[in-house]
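Single-structure report; data block below.
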Amino acid sequence: MFFQALAGLIYSLSFKPVGIWFLAPFAIALQVFLLRKLRFPEIQSFIFAFSSSLIILSWSKTFVGVLPWVALSILQGILAIPVGRVARITSRCS
């Protein structure tokens, strides 16, 4: 789970204000690799999306507050759970 959060952090560094755009493909590659290797890919996918959204959307807490900011990040993580499900199904097939 630590590596998924690390991949989310690397992915968030590709956006402003840091803006190191070439880190995004490496973070996605790390995400896909970890989804194929680790157990519980649904949870791993949630952690990646939640951690990256929490960092990327941190500007929104200024306007809406902390609770909606965290709720939006949780919902972004929930939307990524099917990616983990597809990774589980495809890893069984190969």
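The values are calculated or read from the model by the stated rules, or taken from the named source; none is laboratory data. Being a predicted model, the structure only gives us computed values, none of them experimental. So basically every Cβ, Gly included, is an ideal-geometry build from the backbone, and we count neighbours across all protein chains shown. Calculation scope for accessible area: heavy atoms of the full protein, side chains included, ligands and nucleic acids excluded. Shrake-Rupley method; radii C 1.70, N 1.55, O 1.52, S 1.80 Å.
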Given an 8 Å cut-off on Cα distances and at least 6 residues of separation, report the relative contact order of the chain as a percent. 31 percent
Reciprocal mean inverse distance between Cα atoms of the chain - Kirkwood radius, Å: 13.4 Å
Heavy-atom accessible area of Thr62 with all protein chains present, probe 1.4 Å, nearest 10 Å²? 110 Å²
Hull shadow area, averaged, the stretch 18-62 [alpha-carbon convex hull, nm²]: 3.6 nm²
Summed residue charge, Cβ within 11 Å of Pro82's Cβ, Lys/Arg positive, Asp/Glu negative: +1
